[in-house]
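Q: My questions will all concern the structure given below.
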Amino acid sequence: MAKPCFTKLQVFYHGLLVFVTSLYRDVQNVPPAELYSPLIPQKVLRSYSSLPSPIQYPQWTDQSVGKWDYFVPDTWTSGFFPATLYEMHNRQNLCPENSDAAGPGRDWLDLGRKACDGLVGLPGHNTQGHDVGFLSFAFLEELKINPNNQTAINVVNGFATDLANRFVPGAGVTRSWDSDSDPSRVRVIIDNMMNLELLFVSADLTGNKTLREIAMKHADTTMNNHIRPDGSTWHVVEYDVISGRAVSKHTAQGYSDDSVWARGQAWGIYGFSQMYERTSQERYLATARRLANYFLSNIPEDGIVPWDFKAPLRDPKVPGGVRPADSSAATAGATALLLLASLESDDFQAERWTWGAIRILQKITELAWNPSWESLLSNGTVNWPMNSFLTGIVYGDHYFIKAGNELLRMGLTTC
Ligand SMILES: *[C@@H]1O[C@H](CO)[C@@H](O)[C@H](O)[C@H]1NC(C)=O
Ligand SMILES: *[C@@H]1O[C@H](CO)[C@@H](O)[C@H](O)[C@H]1NC(C)=O
Ligand SMILES: *[C@@H]1O[C@H](CO)[C@@H](O)[C@H](O)[C@H]1NC(C)=O
């Protein structure tokens, strides 16, 4: 007798909590207007028009006036600007009533396709290791628009082969970075989770199930070794090439071996959410939730995503002396949380991820929206150990626009 009563009460409290949470969200949390600012199409178009010839791609800006630095196509970040042009095309479709949102008469799809030119020759001929997943993003978008585009099919399958060739069966992972000094080690970084979607798309295109199996094996090994009991992540895990034992866990871009590099944590939420989306396996949902919970629970009071959750608040190495934010960790993290929310089976959890994402976007916009720079946002940390911080970053801008699109798709705002 007691049990159904208790369940009813639980349901009541759960409903009340969802209601109160949504009230609070409505009062406190509205997506920032800048997400749909006319400055976005203006700046993206200006960046497109400034692409060097032969083509190179923006990666980061300088610290003082925010001008893009351009890099040759064989660079891990080259795919983000073309993928941003595809997001502008998506934006135009999501906001047909607001032509300013995309810019009148601008064919973003055409620009996105042209900007891909520099990437088409890379499969089989690049030095990017596991990062071929990042390089494939614009082509994955192209295939959503035109599934018959043979160039895009070839590029996606080519990059997937590059990645699959890095699979080390004894360790159960695809190798992220080459281990120049020690061939007995396989180095994997948490970022590698972002490259698995490529394998699923190629498996669907070719019918080759091995690609799916490699992705799941990599995700399972990462799940078992890369995540601490509190839901935070190590940046780097090194495995023995034969036994698969995790022999070393440390950082590359974080503050210390036991700190939590924020962008890595964001990549983890994103990657495990995508794994759940592709496989419907509950263990990936559970993992994405744990990582998301850590991310949201460790943002300080001011709402600003720091570059590393455990870096000290005072930082003598940085001009101004305060711990730098990482606007790219904020926007990638927010986009990942929105993806997780859209996949959630639990309404209360979905509310939490959505609400958290919107707050992150609000706060990073207040800090880093920078009308005078070529990038949309400042306050990005590219690589703190290498003294690269307080810049604009191409992937930070990419996920700012993508998060804006996701909020429109979810019906949470209008442009
Ligand atoms: C096919 O996709 C590629 C990559 O986005 C693009 O460069 C090319 O223009 C597209 N071709 C056609 C016919 O749309
Ligand atoms: C499937 O992909 C794997 C990894 O690239 C490759 O080794 C294998 O030959 C492929 N199988 C077929 C039937 O093409
Ligand atoms: C944001 O960027 C400005 C300008 O570079 C800098 O003065 C400020 O300290 C940064 N704040 C954070 C939290 O990164």
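Q: One residue is enough: does region 151-160 have a residue meeting the conditions away from ligand 2 (no atom under 12 Å from the Cβ), touching a Pro at 6+ places or on another chain (Cβ under 9 Å) and small (Gly, Ala, Ser)? Reasoning before the result, please.
A: In the first step, residues of region 151-160 are kept if they are away from ligand 2 (no atom under 12 Å from the Cβ); the result is 151-156.
Within this subset, residues satisfying the condition of being touching a Pro at 6+ places or on another chain (Cβ under 9 Å) are 153-156.
Narrowing further to those that are small (Gly, Ala, Ser): none.
No, region 151-160 contains no residue that is away from ligand 2 (no atom under 12 Å from the Cβ), touching a Pro at 6+ places or on another chain (Cβ under 9 Å) and small (Gly, Ala, Ser).
Q: How many residues does region 196-222 hold that are under 22 Å from Asp240 (Cα atoms) and either free of Cβ contacts under 8 Å to residues at least 40 places away in the same chain or not acidic (Asp, Glu) (or both)?
A: Qualifying residue count for the region: 10.
Q: Could you please give the count of residues in region 43-91 that are among the polar types (S, T, N, Q), assigned to a helix (DSSP H, G or I) and in contact with a helix residue (DSSP H, G or I) (Cβ under 6 Å, 6 or more places away or on another chain)?
A: Here the count works out to 2.
Q: May I ask you to say which residue of Thr381, Thr331, Thr354 is in contact with a Phe, Trp or Tyr (Cβ under 8 Å, 6 or more places away or on another chain), surrounded by 24 or more Cβ atoms within 10 Å (Cβ to Cβ) and under 18 Å from Glu406 (Cα atoms)?
A: Result of the check over Thr381, Thr331, Thr354: Thr331.
Here is a yes/no grid of residues against (1) within 30 Å of Val318 (Cα to Cα); (2) buried (at least 23 other Cβ atoms within 10 Å of the Cβ):
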| site | (1), (2) |
| --- | --- |
| Ser47 | yes, no |
| Pro52 | no, no |
| Ile55 | no, no |
| Thr61 | yes, yes |
| Val72 | yes, no |
| Pro96 | no, no |
| Trp108 | no, yes |
| Pro123 | no, no |
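Q: A further question follows. I'd like to know if region 197-207 contains one or more residues that are within 16 Å of ligand 1 (Cβ to nearest atom), part of a helix (DSSP H, G or I) and farther than 26 Å from Ala266 by Cα.
A: From region 197-207, those within 16 Å of ligand 1 (Cβ to nearest atom) are 198, 201-202, 205; that's our starting set.
Still in the running and part of a helix (DSSP H, G or I): 198, 201-202, 205.
Checking the rest, the ones that are also farther than 26 Å from Ala266 by Cα come to 205.
Yes, region 197-207 has at least one match.
Q: Could you pull out the residue among Ala152, Ala160, Ala164 that is under 22 Å from the mean Cα position of the chain (by Cα), of a type in the set (Gly, Ala, Ser) and near ligand 1 (Cβ under 10 Å from one of its atoms)? If you could, list the steps in order and put the result at the bottom.
A: Working: Ala160 fails: near ligand 1 (Cβ under 10 Å from one of its atoms); Ala164 fails: near ligand 1 (Cβ under 10 Å from one of its atoms).
Ala152 is the lone residue from the list that is under 22 Å from the mean Cα position of the chain (by Cα), of a type in the set (Gly, Ala, Ser) and near ligand 1 (Cβ under 10 Å from one of its atoms).
Q: Among Gly244, Gly333, Gly268, which is small (Gly, Ala, Ser) and closer than 28 Å to Ser64 by Cβ?
A: Result of the check over Gly244, Gly333, Gly268: Gly333.
Q: Now a separate question. Which condition number does Ser181 fail, the rest of (1) outside any helix (DSSP H, G or I); (2) closer than 20 Å to Ala336 by Cβ being met?
A: Of everything listed in (1) outside any helix (DSSP H, G or I); (2) closer than 20 Å to Ala336 by Cβ, Ser181 misses just condition (2).
Q: Please give the number of the condition Asp131 fails out of (1) out of contact with any Phe, Trp or Tyr (no Cβ under 6 Å at 6 or more places or on another chain); (2) modelled with pLDDT of 95 or more; (3) of a type in the set (Asp, Glu).
A: (1)
Q: Sticking with this one: Hey, among Glu374, Glu366, which residue is at pLDDT 95 or above and in contact with a Lys or Arg (Cβ under 6 Å, 6 or more places away or on another chain)?
A: Every option except Glu374 fails the conditions.
Q: Answer yes if at least one residue in region 181-192 is free of Cβ contacts under 8 Å to residues at least 60 places away in the same chain, over 16 Å from Pro123 (Cα atoms) and β-branched (Val, Ile, Thr), and no otherwise.
A: Scanning region 181-192, I find at least one residue that is free of Cβ contacts under 8 Å to residues at least 60 places away in the same chain, over 16 Å from Pro123 (Cα atoms) and β-branched (Val, Ile, Thr), so the answer is yes.
Q: May I pose another question? Does at least one position in region 276-288 carry a residue that is touching a residue at least 40 places away in the same chain (Cβ under 8 Å) and small (Gly, Ala, Ser)?
A: Taking every residue of region 276-288 in turn, at least one turns out to be touching a residue at least 40 places away in the same chain (Cβ under 8 Å) and small (Gly, Ala, Ser).
Q: Across region 286-344, what is the number of residues that are assigned to a helix (DSSP H, G or I) and within 10 Å of ligand 3 (Cβ to nearest atom)?
A: Adding up the residues that qualify gives 1.
Q: Would you call Thr233 among the β-branched types (Val, Ile, Thr), in contact with a helix residue (DSSP H, G or I) (Cβ under 8 Å, 6 or more places away or on another chain), closer than 22 Å to Tyr284 by Cα and surrounded by fewer than 19 Cβ atoms within 10 Å (Cβ to Cβ)? Lay out the reasoning, then the answer.
A: On the way: among the β-branched types (Val, Ile, Thr): yes; in contact with a helix residue (DSSP H, G or I) (Cβ under 8 Å, 6 or more places away or on another chain): yes; closer than 22 Å to Tyr284 by Cα: yes; surrounded by fewer than 19 Cβ atoms within 10 Å (Cβ to Cβ): no.
Answer is no for this residue.
Q: Can you confirm whether Asp131 is among the acidic types (Asp, Glu), loosely packed, with under 14 Cβ neighbours inside 10 Å and away from ligand 3 (no atom under 16 Å from the Cβ)?
A: Spelling it out, it is not the case that Asp131 is among the acidic types (Asp, Glu), loosely packed, with under 14 Cβ neighbours inside 10 Å and away from ligand 3 (no atom under 16 Å from the Cβ).
Q: Further, regarding this structure: Quick one: which of Leu16, Leu23, Leu39, Leu9 is at negative phi, of a type outside the set (Val, Ile, Thr) and either at pLDDT 90 or above or surrounded by 12 or more Cβ atoms within 10 Å (Cβ to Cβ) (or both)? Outline the logic, then answer.
A: Values: Leu16 fails: either at pLDDT 90 or above or surrounded by 12 or more Cβ atoms within 10 Å (Cβ to Cβ) (or both); Leu23 fails: either at pLDDT 90 or above or surrounded by 12 or more Cβ atoms within 10 Å (Cβ to Cβ) (or both); Leu9 fails: either at pLDDT 90 or above or surrounded by 12 or more Cβ atoms within 10 Å (Cβ to Cβ) (or both).
Matching residue, one of Leu16, Leu23, Leu39, Leu9: Leu39.
Q: Under 6 Å between Cβ atoms, which residue pairs at least 6 apart in sequence (or on different chains) link something in region 126-148 that is part of a helix (DSSP H, G or I) and away from ligand 2 (no atom under 16 Å from the Cβ) with a partner that is at pLDDT 95 or above and among the hydroxyl-bearing types (Ser, Thr, Tyr)?
A: Sorted first by the residue in region 126-148, then by its partner, the pairs are Ala138/Tyr86; Glu141/Tyr86.
Q: Follow-up question, since we're still on this one. Mind telling me which of the residues Ala336, Ala311 ends up being within 21 Å of Ile393 (Cα to Cα), surrounded by 24 or more Cβ atoms within 10 Å (Cβ to Cβ) and small (Gly, Ala, Ser)?
A: On the way: Ala311 fails: surrounded by 24 or more Cβ atoms within 10 Å (Cβ to Cβ).
None of the others qualify; the one that does is Ala336.
Q: Also, quick follow-up: Being polar (S, T, N, Q), in a loop (DSSP other than H, G, I, E, B) and surrounded by 15 or more Cβ atoms within 10 Å (Cβ to Cβ) is the filter here, so list the residues in region 149-172 that pass it.
A: Selection gives Asn149 alone.
The values are calculated or read from the model by the stated rules, or taken from the named source; none is laboratory data. Just so we're clear, the structure is a prediction, and the values are computed from it rather than from any experiment. In this analysis, Cβ positions are derived from the backbone assuming ideal geometry, glycine residues included, and neighbour counts consider all displayed protein chains.
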